[in-house]
Amino acid sequence: MHSRIAFLDLRRYAILLDVDGTLLDIAPRPQDVVVPPSLRRTLAVLSDRVDGALALVSGRPLADLDRLFSPLRLPAIGGHGAEMRLAVGGTPIARHAAPLDQRLREAVRAAAARHAGITVEDKGYSVALHYRLAPREGLALGHELRHLCANWNDPSIELLSGKAVIEVKSRGFNKGMAVRELMRHAPFSGRIPVFVGDDRTDEDAFAVVPDFGGVAASVGRRLAQVQCSFASPAEVRQWLDRLAFEPAVTP
């Protein structure tokens, strides 16, 4: 991965980065993640080198991404595609998702309360239940949520499973749909996307990137639909440092 991208003309590329498990090491709870101090500078410099075509692609809401990476306000896809910001410092748009039914959100919270150690992340348009602090609860929690959604009898609702997290959300948006939309707009349009992700929630984006002649890379595991992989978020950060600070060489 490093040699394939590091010496190419970055003005031809768009860099799309998942956050948790890709840029940042996963923490027991979403609010516990740590952003290395140097990462903000790396992202700012690299964003300039790609003329603003660097975006975060996350399950987190945009407000959470802005808090983590402040003072940066990068282009971003938030909430697996529920929210989007197209340009550096631009105005967020939230046209891909309506709020979940309040009764459903309350039912999901009630299900979480029946399992010790679950962290609830209510995003309005979805509810994510994190069980990293209670891994033995994952199987039972998943079973209960599948039963809940089946009884809700709404085909527009789906479960999205990730690393020690299960999210109840609308089927109307995902990272793949959002990446496709992002690539229609400047400064991303006409560029070759490089998407890096680590989780099942990134697989929709992995599937879309080849349509733009792009490169998909996974973190921590090698998947059939990716061209290359990184061992860890630390290795991703090292790669980004090289892209940001080493002189580009045109082959």
Problem set entry | For segment 107-162 versus segment 39-69, the gap between their alpha-carbon centres in whole angstrom | 29 Å
For this session: Can you work out the PRE-style zone for K163? Point 7 Å along Cα to Cβ, and I want the residues of segment 207-251 with backbone N under 16 Å.
Result: 217-223, 229-238
For this session: Might you report the magnitude of the Cβ-based charge dipole of the chain about its Cα centre, with Lys and Arg at +1 and Asp and Glu at -1, to the nearest 20 debye?
Result: 140 debye
Problem set entry | Scaled radius of gyration (Cα, divided by 2.2 N^0.38 Å) that the chain gives | 1.00
Exercise. In nm, to one decimal, how far is the modelled label at A231 from the one at D25, with both set 7 Å along Cα→Cβ?
Worked result: 1.4 nm
For this session: With a Förster radius of 25 Å, plug the Cβ-Cβ distance of A44 and I192 into 1/(1 + (r/R0)^6) and report the FRET value to the nearest 0.05.
Result: 0.70
Seminar exercise, completed: Ranked output for segments 37-49, 75-87, 204-216, 220-232 by mean other Cβ atoms within 10 Å, highest leading, reads 75-87, 204-216, 37-49, 220-232
Seminar exercise, completed: Rounded to the nearest 5, the percent of antiparallel DSSP beta bridges in segment 1-137 equals 55 percent
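Each reported figure results from applying straightforward, stated rules to the coordinates on display, with no laboratory input. Source: prediction; values computed, not measured. Neighbour counts run over all protein chains shown; Cβ positions are idealised from the backbone, glycine included.
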